[in-house]
Amino acid sequence: MEKLILMPVFLQILLTSVVLVLMGRRRIRAAKNKEISVAAFKTMNLSGANEQVIATSRNFENQFQMPMLYLFSVLFTLQLGLADMGYVVLGAAFVLLRLVHTFVHIGSNNVRLRFNVFLLGCVVLWAIWLRLVWQVLVA
């Protein structure tokens, strides 16, 4: 079970890496097209950048927010020997929702859909943590 619980973690890392590469490509393209100056990267003032550059940059930053809480939950679950199919399913659901959130954010950027997917991901993450807290307190 310990190996299975890591599969969504590996997918989250892959997602973050893909967004990193896409962000870099979009930033370089914008700089080459003179949409933003190279000097803007000194302070990361991307205010003049196009929506794709800004959305991809924000999405990359998002990968180090709620997903970090998920990654910590996996570490605690493994450390405490609590890994089971429930955590695998919840983890997979969380990461799949992160994938959908990313596709919406860096694609159509439909704010209502993006928010709903984000909120659903938060609910799954809260379920992971509530389950973990419950198991720690009851054990």
With the convex hull built on the alpha-carbon atoms of region 2-138, volume per residue in Å³ sits at 107 Å³
With contacts defined as alpha carbon pairs under 8 Å and 6 or more residues apart, what's the relative contact order of the chain in percent? 31 percent
Looking at region 7-96, which trypsin sites (Lys or Arg not before Pro) are DSSP coil and have at most 13 other C-beta atoms within 10 Å of their C-beta? 34
Label point distance in nm, residue 137-residue 14, each placed 7 Å from Cα along Cα→Cβ: 3.7 nm
Value at 222 nm in deg cm²/dmol, rounded to 500, when DSSP H runs of n ≥ 4 in the chain each add -39,500 (n - 2.57): -27000 deg cm²/dmol
The exposure ranking of 102, 43, fewest beta-carbon neighbours within 10 Å first, is 43, 102
For a Förster distance of 22 Å, can you work out the FRET efficiency between the beta-carbons of residue 113 and residue 4, rounded to the nearest 0.05? 0.15
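Bear in mind that the values in this text are calculations on the coordinates, not laboratory data. Keep in mind that what you see is a predicted model, and the values were worked out from it rather than measured. Ideal geometry is used to build each Cβ from the backbone, glycine not excepted, and the neighbour counts take in all protein chains shown.
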